[in-house]
Amino acid sequence: MALENKKNMILKLVFAFLLGQSAQAKIILPELLAKQAVNNIRFLSQDGKFTYYQKRSGSLLFSSNYKVAELIKGQIGTQYTLIGTPARKKIVVMQNENFHTFYSIRSREKIFLLDFGGTNPKEVGMGSAAALHLNDSWLSYYDYYSKVLSFENTTNAALKFSLKLNNRINPYFTPQVVMSDDNTVYYTDLGENGAVGLLEFKRNTGKAELIFKATTPMVKAEICLHNDYLVMGLFGLNFSKNGASITRAALPLSDFKKRETIYTSSTNDFGQLVCDFSKDYITFIKNFGSNDQISTDLVDLNPSNKEIKMLSEMKTITSVINMDGTLLALDKGKYYIVKGTIDYKNIDSLKALPPSGASEAIKQIDKELGNE
């Protein structure tokens with residue numbers, strides 16, 4: 001009897017241990033791997049059929065179906081940033097030829113516009129923080145030196161307008177910008193004391209109206225469009241005790257003061273709102289630690305029931321990117337797939353080989369572009 005009781009006790013302890021291990025199981029995110037160096041890739045299509053990537057020589061290249069085309073040529077060490085949206089009509093290319101010689105987030109970069117999956121870039125201008133709006137029908141970019149926010153229609157370059165920011169206190173401030181329709185722009189600016197404000201600009205009147213102003217300069221504001229709502233996140237900076245909040249207001253706006261609060265936190269979250277990945281969720285980086293000891297991970301916020309769902313358990317996530325329907329998180333220099341089912345390392349989305357075969361196709365690519 002004593003032996004039997006001992007066996008039962010051991011079984012109970014083992015079962016309890018297994019339950020505890022199961023409860024503490026971590027969310028394991030697969031690392032982004034591809035058939036070429038990930039640090040050279042600038043944009044992968046959702047179906048894996050084409051890739052934009054850069055080479056150390058300073059060129060931006062396009063690869064698809066055993067064909068490679070050189071799109072833009074720059075100096076050695078040139079860095080490229082490519083930006084796309086779920087509309088999948090246009091891609092913005094930003095070229096920084098002084099990435100390794102002029103260390104400044106305010107530097108002007110050459111801005112090009114491409115058709116989605118296209119190979120004929122059109123130079124637009126010089127600036128920073130480029131973004132696409134309204135199903136890729138508008139492009140915006142900012143000049144830190146003139147403090148001018150420029151807009152250009154992506155199909156008719158003659159349609160242009162610009163906004164002059166009021167900010168005189170922070171030379172590194174980057175405005176947040178969204179367009180809810182062809183006539184309405186929402187953007188952030190800084191007041192005389194450095195507190196962030198949200199403005200509504202109407203093209204038909206040429207006037208901007210302040211619809212929100214923060215009470216302290218120790219918060220940053222982020223805005224985005226989610227379904228038919230304007231979403232605003234306020235996140236405390238540095239070691240302030242302002243915490244975080246996310247609110248939303250139905251479009252078209254009637255009274256922004258009556259917006260709905262869908263999330264609050266006593267700690268300062270990183271933010272980086274992603275509103276264009278899912279119709280059901282808003283994704284952002286939440287601080288699960290304290291303002292003194294930060295622990296950051298990616299979460300989904302359901303605006304309907306205000307519930308939070310963890311997407312990672314790495315504690316040091318610093319950035320999140322929506323790359324053509326694949327949600328990526330950056331942690332310690334590596335990219336991890338948070339959402340998305342494409343295996344970029346093993347996927348075979350290529351069409352039939354050319355008659356000469358793969359070897360000849362690869363030789364031709366090397367001959368045209370050089371094998372680094």
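The values are calculated or read from the model by the stated rules, or taken from the named source; none is laboratory data. Since the structure is predicted, the reported quantities are computational estimates derived from the model, not experimental observations. All Cβ positions, even for glycine, are placed from backbone atoms using ideal geometry, and neighbour counts span all protein chains on display. All accessible areas refer to the heavy atoms of the entire protein, side chains included, with ligands and DNA or RNA removed. Shrake-Rupley method; radii C 1.70, N 1.55, O 1.52, S 1.80 Å.
Brief remarks on what is shown
- Scanning the stretch 246-280 for residues that are modelled with pLDDT of 95 or more, under 19 Å from VAL185 (Cα atoms) and of a type in the set (Gly, Ala, Ser) yields ALA249, ALA250.
- When ASN291, ASN322 are screened for being polar (S, T, N, Q) and surrounded by fewer than 19 Cβ atoms within 10 Å (Cβ to Cβ), only ASN291 passes.
- Selection within the stretch 299-319 - touching a residue at least 40 places away in the same chain (Cβ under 8 Å) and open to solvent by 30 Å² or more (accessible area, probe 1.4 Å): LYS306, ILE308, MET310, GLU313, MET314, THR318, SER319
- Subset of the stretch 65-81 (residues that are assigned to a loop (DSSP other than H, G, I, E, B), open to solvent by 30 Å² or more (accessible area, probe 1.4 Å) and in contact with a Gly (Cβ under 8 Å, 6 or more places away or on another chain)): GLN75, ILE76
- GLY84 fulfils the conditions (1) without any contact (Cβ under 8 Å) to a residue 60 or more places away in the chain; (2) farther than 30 Å from ASN193 by Cβ; (3) open to solvent by 20 Å² or more (accessible area, probe 1.4 Å) except for a single criterion, (1).
- Residues (open to solvent by 10 Å² or more (accessible area, probe 1.4 Å) and either without any contact (Cβ under 8 Å) to a residue 12 or more places away in the chain or within 12 Å of LEU327 (Cβ to Cβ) (or both)) located in the stretch 277-288: PHE277, SER278, TYR281
- Restricting attention to the stretch 24-56 and to residues that are among the charged types (D, E, K, R) and in contact with a strand residue (DSSP E or B) (Cβ under 8 Å, 6 or more places away or on another chain), the residue that is nearest to ILE317 (Cα to Cα) turns out to be GLU31.
- Taken together, PHE239, PHE201 contain a single residue that is over 24 Å from PRO303 (Cα atoms), open to solvent by 10 Å² or more (accessible area, probe 1.4 Å) and not in a strand (DSSP E or B), which is PHE239.
- Extreme residue, farthest from LYS122 (Cα to Cα), among residues of the stretch 57-76 that are among the hydroxyl-bearing types (Ser, Thr, Tyr) and touching a strand residue (DSSP E or B) at 6+ places or on another chain (Cβ under 7 Å): SER63
- Within the stretch 119-159, being farther than 20 Å from THR174 by Cα, under 21 Å from the mean Cα position of the chain (by Cα) and open to solvent by less than 40 Å² (accessible area, probe 1.4 Å) holds for ASP136, SER137, THR154.
- Within the stretch 242-256, tally of residues that are part of a loop (DSSP other than H, G, I, E, B) and among the charged types (D, E, K, R): 1
- Consider the stretch 160-183 and keep the residues that are assigned to a loop (DSSP other than H, G, I, E, B) and open to solvent by less than 20 Å² (accessible area, probe 1.4 Å). The one that is farthest from LYS89 (Cα to Cα) is ASN167.
- Failed item, numbered, when THR296 is tested on (1) in contact (Cβ under 8 Å) with a residue 12 or more places away in the chain; (2) within 30 Å of ASP181 (Cα to Cα); (3) hydroxyl-bearing (Ser, Thr, Tyr): (2)
- Pairs, first on the phi < 0 side of the Ramachandran plot and among the polar types (S, T, N, Q) in the stretch 195-223, second open to solvent by less than 30 Å² (accessible area, probe 1.4 Å) and part of a loop (DSSP other than H, G, I, E, B), C-beta under 8 Å, six or more apart: THR215/ALA195; THR216/ALA195; THR216/SER240
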